[in-house]
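These notes concern the structure reproduced below.
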Amino acid sequence: MTSQMVTLRMPDLQWWLDHLDTAFAPDVSVDLFVGVLKRRSVKGPEDAAIATAQLFLRLIYAHPFSSIGDLVDHISSVGTKLSKAVPRELAVRNMARRVIGIIREEAENNGMGDLFQAALETEELPKVSHAPKGRADTGAQLTGHASFANPSSSVTGVFEILSVASSSRGSSAASTPPSTGMGKAPHAQTAQHDIRPAVIQDIQELLEELDSCEHNISELATQVIYKNEVILTYGLPPSIHKLLLRAAQKREFTLIVVVDEIADINKQASTAVMNKPTGKEEAGDDQETATRKSLQDRGIQIMVIMYHDLENLMPRVNKVIVTARYVFADAGMVAVTGTASVLTIAKEHSKPVYAVAGTHMLCPMTTVGPYGLFERGPPDITLRKTCFSSALVLFFLTVSVLTAFNPEHCRPATMLSEYIENGSVDCFITNNGLIAPNCINRTIMEMYHTAKCDLF
(Lines give C-alpha, C1' and ligand atoms only; values in the text may rest on other atoms or scores of the structure.)
Protein backbone atom coordinates (compact mmCIF):
# COMPACT_ATOMS: atom_id res chain seq x y z
CA MET A 1 0.00 0.00 0.00
CA THR A 2 1.38 3.37 -1.01
CA SER A 3 0.66 6.53 0.89
CA GLN A 4 0.39 9.91 -0.75
CA MET A 5 2.57 12.68 0.64
CA VAL A 6 0.68 15.88 1.41
CA THR A 7 2.66 19.04 2.13
CA LEU A 8 0.96 21.41 4.54
CA ARG A 9 1.76 25.09 4.50
CA MET A 10 1.35 27.42 7.41
CA PRO A 11 -0.95 30.25 6.34
CA ASP A 12 0.80 33.55 5.76
CA LEU A 13 0.67 36.31 3.15
CA GLN A 14 2.23 34.20 0.40
CA TRP A 15 -0.12 31.31 1.17
CA TRP A 16 -3.07 33.68 0.90
CA LEU A 17 -1.89 35.07 -2.45
CA ASP A 18 -1.43 31.53 -3.76
CA HIS A 19 -4.97 30.71 -2.68
CA LEU A 20 -6.34 33.71 -4.57
CA ASP A 21 -4.46 32.66 -7.70
CA THR A 22 -5.42 28.98 -7.62
CA ALA A 23 -8.61 28.43 -5.62
CA PHE A 24 -10.48 31.72 -5.40
CA ALA A 25 -14.22 31.51 -4.73
CA PRO A 26 -15.95 34.74 -3.60
CA ASP A 27 -17.91 33.61 -0.54
CA VAL A 28 -15.51 30.86 0.50
CA SER A 29 -12.45 33.10 0.18
CA VAL A 30 -14.03 35.87 2.25
CA ASP A 31 -14.86 33.43 5.06
CA LEU A 32 -11.38 31.93 4.81
CA PHE A 33 -9.76 35.36 5.03
CA VAL A 34 -11.81 36.15 8.13
CA GLY A 35 -10.35 33.03 9.76
CA VAL A 36 -6.84 33.99 8.65
CA LEU A 37 -7.21 37.45 10.18
CA LYS A 38 -8.63 36.14 13.45
CA ARG A 39 -5.76 33.68 13.81
CA ARG A 40 -3.32 36.52 13.08
CA SER A 41 -1.76 34.47 10.30
CA VAL A 42 -1.62 37.69 8.27
CA LYS A 43 -0.72 40.62 10.49
CA GLY A 44 1.01 43.94 10.25
CA PRO A 45 -0.15 46.99 8.26
CA GLU A 46 1.69 46.14 5.03
CA ASP A 47 0.75 42.45 4.82
CA ALA A 48 -2.86 43.12 5.85
CA ALA A 49 -3.19 45.90 3.27
CA ILE A 50 -1.79 43.79 0.42
CA ALA A 51 -3.92 40.76 1.31
CA THR A 52 -7.11 42.85 1.57
CA ALA A 53 -6.51 44.78 -1.65
CA GLN A 54 -5.84 41.55 -3.57
CA LEU A 55 -9.12 40.12 -2.24
CA PHE A 56 -11.12 43.21 -3.27
CA LEU A 57 -9.53 43.13 -6.73
CA ARG A 58 -10.91 39.66 -7.39
CA LEU A 59 -14.25 40.31 -5.68
CA ILE A 60 -14.98 43.27 -7.94
CA TYR A 61 -14.13 41.26 -11.03
CA ALA A 62 -16.20 38.24 -9.97
CA HIS A 63 -19.25 40.02 -8.50
CA PRO A 64 -22.01 40.64 -11.12
CA PHE A 65 -23.40 43.97 -9.92
CA SER A 66 -26.30 45.76 -11.61
CA SER A 67 -25.83 49.25 -10.18
CA ILE A 68 -23.41 51.41 -8.26
CA GLY A 69 -25.50 50.86 -5.14
CA ASP A 70 -25.07 47.10 -5.49
CA LEU A 71 -21.30 47.47 -5.84
CA VAL A 72 -20.98 49.82 -2.86
CA ASP A 73 -23.22 47.53 -0.80
CA HIS A 74 -21.05 44.51 -1.60
CA ILE A 75 -17.73 46.22 -0.82
CA SER A 76 -19.09 47.80 2.37
CA SER A 77 -20.51 44.53 3.69
CA VAL A 78 -17.27 42.64 3.03
CA GLY A 79 -15.21 45.46 4.54
CA THR A 80 -17.36 45.51 7.67
CA LYS A 81 -17.05 41.74 8.04
CA LEU A 82 -13.27 41.86 7.72
CA SER A 83 -12.96 44.84 10.08
CA LYS A 84 -14.91 43.07 12.81
CA ALA A 85 -12.63 40.05 12.47
CA VAL A 86 -9.59 42.07 13.59
CA PRO A 87 -10.58 45.58 14.74
CA ARG A 88 -7.04 46.61 15.70
CA GLU A 89 -5.61 45.93 12.22
CA LEU A 90 -6.80 49.18 10.69
CA ALA A 91 -5.11 48.49 7.34
CA VAL A 92 -8.00 46.15 6.48
CA ARG A 93 -10.52 48.92 7.01
CA ASN A 94 -8.28 51.41 5.21
CA MET A 95 -8.21 49.27 2.08
CA ALA A 96 -12.01 48.99 2.09
CA ARG A 97 -12.23 52.78 2.30
CA ARG A 98 -9.64 53.20 -0.46
CA VAL A 99 -11.62 50.91 -2.77
CA ILE A 100 -14.83 52.82 -2.03
CA GLY A 101 -12.93 56.05 -2.72
CA ILE A 102 -11.80 54.62 -6.06
CA ILE A 103 -15.40 53.78 -6.94
CA ARG A 104 -16.43 57.33 -6.01
CA GLU A 105 -13.73 58.82 -8.24
CA GLU A 106 -14.64 56.67 -11.24
CA ALA A 107 -18.35 57.37 -10.75
CA GLU A 108 -17.70 61.12 -10.73
CA ASN A 109 -15.50 60.83 -13.82
CA ASN A 110 -18.38 59.11 -15.62
CA GLY A 111 -20.96 61.68 -14.57
CA MET A 112 -22.59 59.48 -11.91
CA GLY A 113 -21.43 61.20 -8.75
CA ASP A 114 -25.00 61.86 -7.59
CA LEU A 115 -25.89 58.20 -7.96
CA PHE A 116 -22.85 57.15 -5.96
CA GLN A 117 -23.69 59.64 -3.22
CA ALA A 118 -27.25 58.33 -3.06
CA ALA A 119 -25.93 54.78 -2.79
CA LEU A 120 -23.42 55.79 -0.14
CA GLU A 121 -26.07 57.39 2.06
CA THR A 122 -28.00 54.13 2.21
CA GLU A 123 -24.95 52.03 3.09
CA GLU A 124 -22.79 51.89 6.20
CA LEU A 125 -19.07 52.05 5.65
CA PRO A 126 -16.83 49.63 7.56
CA LYS A 127 -16.67 50.73 11.18
CA VAL A 128 -14.17 49.75 13.83
CA SER A 129 -15.69 47.43 16.38
CA HIS A 130 -15.13 48.23 20.06
CA ALA A 131 -16.16 44.76 21.16
CA PRO A 132 -13.42 42.59 22.66
CA LYS A 133 -11.81 40.19 20.28
CA GLY A 134 -13.00 36.65 20.84
CA ARG A 135 -12.02 33.26 19.55
CA ALA A 136 -11.99 32.63 15.84
CA ASP A 137 -15.09 31.10 14.31
CA THR A 138 -14.84 27.50 13.26
CA GLY A 139 -16.90 28.00 10.12
CA ALA A 140 -13.85 28.46 7.92
CA GLN A 141 -11.38 25.84 9.10
CA LEU A 142 -7.97 26.22 7.53
CA THR A 143 -7.10 22.58 7.76
CA GLY A 144 -10.28 21.54 6.02
CA HIS A 145 -9.85 23.81 3.06
CA ALA A 146 -8.57 22.42 -0.21
CA SER A 147 -6.01 25.17 -0.75
CA PHE A 148 -4.29 24.40 2.56
CA ALA A 149 -2.63 21.33 1.01
CA ASN A 150 -1.26 22.70 -2.26
CA PRO A 151 -4.44 22.90 -4.36
CA SER A 152 -4.36 22.08 -8.03
CA SER A 153 -7.55 23.86 -9.14
CA SER A 154 -7.20 27.00 -11.21
CA VAL A 155 -9.17 30.21 -11.55
CA THR A 156 -8.63 33.47 -13.34
CA GLY A 157 -5.34 35.11 -12.29
CA VAL A 158 -4.78 38.77 -11.67
CA PHE A 159 -2.99 39.40 -14.96
CA GLU A 160 -5.82 37.75 -16.89
CA ILE A 161 -8.28 39.90 -14.95
CA LEU A 162 -6.46 43.05 -15.94
CA SER A 163 -6.15 42.05 -19.58
CA VAL A 164 -9.87 41.36 -19.77
CA ALA A 165 -10.57 44.60 -17.91
CA SER A 166 -8.41 46.63 -20.29
CA SER A 167 -10.10 45.18 -23.37
CA SER A 168 -13.54 45.74 -21.87
CA ARG A 169 -12.62 49.30 -20.99
CA GLY A 170 -11.51 50.06 -24.52
CA SER A 171 -14.51 48.46 -26.21
CA SER A 172 -17.03 50.12 -23.91
CA ALA A 173 -15.44 53.53 -24.39
CA ALA A 174 -15.70 53.14 -28.16
CA SER A 175 -19.24 51.79 -28.33
CA THR A 176 -21.07 53.24 -25.33
CA PRO A 177 -21.64 56.94 -24.63
CA PRO A 178 -21.23 58.22 -21.06
CA SER A 179 -24.20 57.49 -18.87
CA THR A 180 -25.75 60.11 -16.62
CA GLY A 181 -28.31 57.97 -14.81
CA MET A 182 -28.88 54.46 -13.54
CA GLY A 183 -32.57 54.40 -12.83
CA LYS A 184 -33.20 51.79 -15.52
CA ALA A 185 -31.55 48.54 -16.48
CA PRO A 186 -29.83 49.82 -19.67
CA HIS A 187 -28.13 52.55 -17.68
CA ALA A 188 -27.05 50.05 -15.03
CA GLN A 189 -25.58 47.76 -17.67
CA THR A 190 -23.72 50.70 -19.22
CA ALA A 191 -22.33 51.71 -15.83
CA GLN A 192 -21.12 48.16 -15.22
CA HIS A 193 -19.05 48.17 -18.39
CA ASP A 194 -17.79 51.72 -17.85
CA ILE A 195 -16.78 51.64 -14.20
CA ARG A 196 -15.58 48.16 -13.31
CA PRO A 197 -12.54 47.99 -15.65
CA ALA A 198 -11.40 51.40 -14.43
CA VAL A 199 -11.85 50.39 -10.79
CA ILE A 200 -9.85 47.19 -11.37
CA GLN A 201 -7.06 49.19 -12.99
CA ASP A 202 -6.99 51.68 -10.10
CA ILE A 203 -6.80 48.87 -7.52
CA GLN A 204 -3.88 47.38 -9.43
CA GLU A 205 -2.16 50.77 -9.21
CA LEU A 206 -2.87 50.74 -5.48
CA LEU A 207 -1.15 47.35 -5.21
CA GLU A 208 1.86 48.70 -7.08
CA GLU A 209 1.94 51.59 -4.61
CA LEU A 210 1.99 49.12 -1.70
CA ASP A 211 4.78 47.07 -3.28
CA SER A 212 7.00 50.13 -3.81
CA CYS A 213 6.19 51.80 -0.49
CA GLU A 214 9.51 51.21 1.28
CA HIS A 215 11.50 52.02 -1.86
CA ASN A 216 9.73 55.36 -2.30
CA ILE A 217 10.28 56.19 1.36
CA SER A 218 14.00 55.47 1.03
CA GLU A 219 14.21 57.92 -1.89
CA LEU A 220 13.51 60.74 0.59
CA ALA A 221 16.65 59.96 2.58
CA THR A 222 18.66 62.94 1.36
CA GLN A 223 15.81 65.29 2.31
CA VAL A 224 15.79 64.00 5.89
CA ILE A 225 19.40 63.15 6.78
CA TYR A 226 22.29 65.58 6.34
CA LYS A 227 26.05 65.29 6.61
CA ASN A 228 27.66 64.59 10.01
CA GLU A 229 24.33 64.31 11.83
CA VAL A 230 23.70 62.00 14.78
CA ILE A 231 20.52 60.00 14.10
CA LEU A 232 18.67 58.10 16.83
CA THR A 233 16.15 55.34 16.15
CA TYR A 234 14.08 53.10 18.40
CA GLY A 235 14.97 49.68 17.09
CA LEU A 236 15.81 49.38 13.41
CA PRO A 237 12.71 48.25 11.46
CA PRO A 238 13.07 47.51 7.72
CA SER A 239 11.55 50.81 6.56
CA ILE A 240 14.02 52.89 8.58
CA HIS A 241 16.89 50.55 7.71
CA LYS A 242 16.33 51.04 3.97
CA LEU A 243 16.04 54.80 4.50
CA LEU A 244 19.40 54.85 6.28
CA LEU A 245 21.04 52.61 3.66
CA ARG A 246 19.94 55.04 0.97
CA ALA A 247 21.22 58.02 2.95
CA ALA A 248 24.56 56.29 3.55
CA GLN A 249 25.25 56.32 -0.19
CA LYS A 250 25.57 60.13 -0.15
CA ARG A 251 25.85 61.17 3.49
CA GLU A 252 28.12 60.47 6.44
CA PHE A 253 26.35 60.27 9.77
CA THR A 254 26.36 58.47 13.11
CA LEU A 255 23.54 56.13 14.09
CA ILE A 256 22.37 55.41 17.64
CA VAL A 257 19.98 52.45 17.96
CA VAL A 258 17.94 52.18 21.15
CA VAL A 259 16.97 48.63 22.12
CA ASP A 260 14.96 47.28 25.02
CA GLU A 261 13.61 44.10 26.58
CA ILE A 262 10.92 43.82 23.89
CA ALA A 263 11.78 40.85 21.67
CA ASP A 264 10.65 42.38 18.35
CA ILE A 265 12.75 45.51 18.88
CA ASN A 266 15.88 43.49 19.66
CA LYS A 267 15.33 41.13 16.73
CA GLN A 268 14.84 43.96 14.23
CA ALA A 269 17.90 45.81 15.48
CA SER A 270 20.10 42.70 15.41
CA THR A 271 18.94 41.72 11.92
CA ALA A 272 19.56 45.19 10.51
CA VAL A 273 22.92 45.81 12.19
CA MET A 274 24.22 42.41 11.04
CA ASN A 275 22.79 43.11 7.55
CA LYS A 276 20.77 39.91 7.54
CA PRO A 277 17.80 39.69 5.13
CA THR A 278 14.36 39.62 6.67
CA GLY A 279 11.96 36.73 6.11
CA LYS A 280 10.13 38.62 3.38
CA GLU A 281 13.39 39.49 1.60
CA GLU A 282 14.54 35.86 1.75
CA ALA A 283 11.24 34.71 0.26
CA GLY A 284 11.49 37.29 -2.51
CA ASP A 285 15.13 36.40 -3.35
CA ASP A 286 15.93 40.06 -3.96
CA GLN A 287 19.25 40.45 -5.76
CA GLU A 288 19.71 43.96 -4.39
CA THR A 289 19.27 42.65 -0.84
CA ALA A 290 21.78 39.84 -1.41
CA THR A 291 24.50 42.19 -2.68
CA ARG A 292 23.88 45.32 -0.62
CA LYS A 293 26.49 46.62 1.78
CA SER A 294 25.77 47.04 5.45
CA LEU A 295 25.77 50.42 7.15
CA GLN A 296 29.19 49.64 8.63
CA ASP A 297 30.58 48.80 5.19
CA ARG A 298 29.42 52.22 4.01
CA GLY A 299 31.38 53.90 6.78
CA ILE A 300 28.51 54.56 9.17
CA GLN A 301 29.34 54.36 12.87
CA ILE A 302 26.61 52.53 14.82
CA MET A 303 26.04 52.60 18.56
CA VAL A 304 23.54 50.19 20.14
CA ILE A 305 22.40 51.36 23.57
CA MET A 306 19.81 50.36 26.14
CA TYR A 307 16.92 52.58 27.07
CA HIS A 308 18.39 53.68 30.40
CA ASP A 309 21.34 55.29 28.53
CA LEU A 310 19.04 57.37 26.34
CA GLU A 311 18.84 60.35 28.70
CA ASN A 312 22.62 60.76 28.69
CA LEU A 313 23.06 60.57 24.90
CA MET A 314 20.01 62.55 23.79
CA PRO A 315 21.78 65.96 23.98
CA ARG A 316 24.22 64.77 21.29
CA VAL A 317 21.44 63.68 18.93
CA ASN A 318 20.41 65.84 15.97
CA LYS A 319 17.33 63.94 14.85
CA VAL A 320 15.04 61.13 16.04
CA ILE A 321 13.41 58.75 13.54
CA VAL A 322 10.74 56.25 14.61
CA THR A 323 8.22 54.14 12.77
CA ALA A 324 4.45 54.42 13.14
CA ARG A 325 2.00 51.57 13.01
CA TYR A 326 -0.99 53.77 12.15
CA VAL A 327 -1.45 57.53 11.80
CA PHE A 328 -4.79 59.29 12.34
CA ALA A 329 -6.30 62.43 10.87
CA ASP A 330 -5.52 64.44 14.01
CA ALA A 331 -1.79 63.51 13.72
CA GLY A 332 -1.98 61.03 16.59
CA MET A 333 -0.49 57.62 15.94
CA VAL A 334 -0.14 54.07 17.22
CA ALA A 335 3.40 52.74 17.57
CA VAL A 336 5.27 49.91 19.26
CA THR A 337 5.46 50.09 23.04
CA GLY A 338 8.31 52.29 24.19
CA THR A 339 8.10 54.82 21.37
CA ALA A 340 6.24 57.35 23.53
CA SER A 341 9.01 57.32 26.13
CA VAL A 342 11.66 57.98 23.47
CA LEU A 343 9.64 60.85 21.99
CA THR A 344 9.04 62.36 25.43
CA ILE A 345 12.79 62.51 26.10
CA ALA A 346 13.36 63.93 22.61
CA LYS A 347 10.83 66.70 23.23
CA GLU A 348 12.43 67.52 26.58
CA HIS A 349 15.68 68.19 24.69
CA SER A 350 13.91 69.94 21.76
CA LYS A 351 15.00 67.36 19.19
CA PRO A 352 13.07 67.07 15.88
CA VAL A 353 11.13 63.84 15.50
CA TYR A 354 10.34 62.11 12.19
CA ALA A 355 7.87 59.23 11.91
CA VAL A 356 7.96 56.78 8.98
CA ALA A 357 4.53 55.66 7.76
CA GLY A 358 3.25 54.38 4.42
CA THR A 359 0.04 55.77 2.98
CA HIS A 360 -1.74 52.50 3.84
CA MET A 361 -1.12 53.41 7.50
CA LEU A 362 -2.96 56.74 7.24
CA CYS A 363 -6.42 56.23 8.75
CA PRO A 364 -9.47 58.40 7.92
CA MET A 365 -10.48 58.76 11.57
CA THR A 366 -9.79 60.92 14.57
CA THR A 367 -9.03 59.31 17.90
CA VAL A 368 -11.54 60.01 20.64
CA GLY A 369 -11.07 56.76 22.56
CA PRO A 370 -7.78 55.30 21.30
CA TYR A 371 -7.22 52.68 23.99
CA GLY A 372 -9.14 50.02 22.08
CA LEU A 373 -6.35 50.10 19.49
CA PHE A 374 -3.70 48.65 21.78
CA GLU A 375 -2.18 45.34 20.72
CA ARG A 376 -1.82 42.92 23.61
CA GLY A 377 0.61 40.03 23.99
CA PRO A 378 1.42 37.25 26.48
CA PRO A 379 1.96 38.37 30.07
CA ASP A 380 5.41 36.77 30.16
CA ILE A 381 6.89 39.46 27.89
CA THR A 382 8.90 41.96 29.89
CA LEU A 383 7.34 45.42 29.85
CA ARG A 384 9.45 48.35 30.94
CA LYS A 385 8.28 51.76 32.01
CA THR A 386 6.33 53.79 29.48
CA CYS A 387 4.24 56.96 29.33
CA PHE A 388 0.85 56.21 30.85
CA SER A 389 -2.26 58.32 30.75
CA SER A 390 -4.53 58.64 33.76
CA ALA A 391 -6.84 55.92 32.41
CA LEU A 392 -4.00 53.45 31.99
CA VAL A 393 -2.59 54.29 35.43
CA LEU A 394 -6.00 53.54 36.95
CA PHE A 395 -6.16 50.28 35.00
CA PHE A 396 -2.77 49.05 36.19
CA LEU A 397 -3.49 50.11 39.77
CA THR A 398 -6.68 48.04 39.65
CA VAL A 399 -4.77 45.08 38.25
CA SER A 400 -2.14 45.44 40.97
CA VAL A 401 -4.80 45.34 43.70
CA LEU A 402 -6.43 42.28 42.16
CA THR A 403 -3.08 40.57 41.80
CA ALA A 404 -2.31 41.15 45.47
CA PHE A 405 -5.47 39.25 46.47
CA ASN A 406 -5.29 36.52 43.82
CA PRO A 407 -1.95 36.52 41.98
CA GLU A 408 -2.43 33.11 40.36
CA HIS A 409 -5.60 34.01 38.47
CA CYS A 410 -4.73 37.57 37.44
CA ARG A 411 -1.95 37.83 34.87
CA PRO A 412 -2.43 41.04 32.86
CA ALA A 413 -1.55 40.96 29.18
CA THR A 414 1.42 42.97 27.95
CA MET A 415 0.80 46.03 25.80
CA LEU A 416 2.65 45.60 22.50
CA SER A 417 1.56 48.95 21.07
CA GLU A 418 0.63 52.34 22.46
CA TYR A 419 -1.10 55.53 21.39
CA ILE A 420 0.95 58.71 20.94
CA GLU A 421 -0.95 61.98 20.99
CA ASN A 422 -0.58 64.62 18.32
CA GLY A 423 2.21 67.13 18.82
CA SER A 424 4.90 64.53 19.44
CA VAL A 425 5.99 64.27 15.78
CA ASP A 426 7.37 67.14 13.69
CA CYS A 427 7.14 65.47 10.27
CA PHE A 428 5.80 62.26 8.73
CA ILE A 429 7.90 60.46 6.10
CA THR A 430 5.52 58.72 3.66
CA ASN A 431 5.90 57.18 0.23
CA ASN A 432 4.13 60.27 -1.17
CA GLY A 433 6.60 62.70 0.39
CA LEU A 434 7.16 64.57 3.64
CA ILE A 435 3.93 65.63 5.35
CA ALA A 436 3.62 68.12 8.20
CA PRO A 437 1.25 67.16 11.05
CA ASN A 438 -1.11 70.04 10.28
CA CYS A 439 -1.48 68.73 6.70
CA ILE A 440 -2.27 65.12 7.62
CA ASN A 441 -6.03 65.69 7.76
CA ARG A 442 -6.16 67.24 4.29
CA THR A 443 -3.89 64.54 2.83
CA ILE A 444 -6.07 61.76 4.22
CA MET A 445 -9.31 63.32 2.95
CA GLU A 446 -7.84 63.71 -0.55
CA MET A 447 -6.50 60.15 -0.57
CA TYR A 448 -9.80 58.58 0.54
CA HIS A 449 -11.98 60.97 -1.51
CA THR A 450 -14.03 61.88 1.54
CA ALA A 451 -15.22 65.19 2.98
CA LYS A 452 -14.82 64.26 6.65
CA CYS A 453 -13.12 61.72 8.86
CA ASP A 454 -14.79 59.26 11.21
CA LEU A 455 -14.59 59.30 14.99
CA PHE A 456 -13.08 56.23 16.57
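When you check Ala62 against the structure, is it in contact (Cβ under 8 Å) with a residue 24 or more places away in the chain, under 24 Å from Pro197 (Cα atoms), hydrophobic (A, V, I, L, M, F, W, C) and surrounded by fewer than 16 Cβ atoms within 10 Å (Cβ to Cβ), yes or no? In short, yes. Give me the residue from the range 423-445 that is buried (at least 23 other Cβ atoms within 10 Å of the Cβ) and assigned to a strand (DSSP E or B) and, out of that set, nearest to the chain's Cα centre (by Cα). Within the range 423-445, the match that is nearest to the chain's Cα centre (by Cα) is Thr430.
Here's the yes/no breakdown for (1) within 22 Å of the chain's Cα centre (by Cα); (2) at pLDDT below 90; (3) buried (at least 24 other Cβ atoms within 10 Å of the Cβ); (4) outside the structural domain of Thr450 (by TED's automatic domain parsing):
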site	(1), (2), (3), (4)
Ser3	no, yes, no, yes
Leu17	yes, no, no, yes
Phe24	no, no, no, yes
Phe33	yes, no, yes, yes
Thr52	yes, no, yes, yes
Thr80	yes, no, no, yes
Ala107	no, yes, yes, yes
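Please pick out the residue among Ile240, Ile200, Ile231 that is β-branched (Val, Ile, Thr) and either at pLDDT below 75 or within 25 Å of Asp114 (Cα to Cα) (or both). Answer to the check: Ile200.
Check the range 56-72 and report whether any residue there is in a helix (DSSP H, G or I) and touching a His at 6+ places or on another chain (Cβ under 6 Å). No, there is no match, as no residue in the range 56-72 is in a helix (DSSP H, G or I) and touching a His at 6+ places or on another chain (Cβ under 6 Å).
The values are calculated or read from the model by the stated rules, or taken from the named source; none is laboratory data. The structure presented is a predicted model; accordingly, all values stated were derived computationally and were not measured. Every residue, glycine as well, gets a Cβ built from its backbone with ideal geometry; the counts of neighbours run over all protein chains shown.
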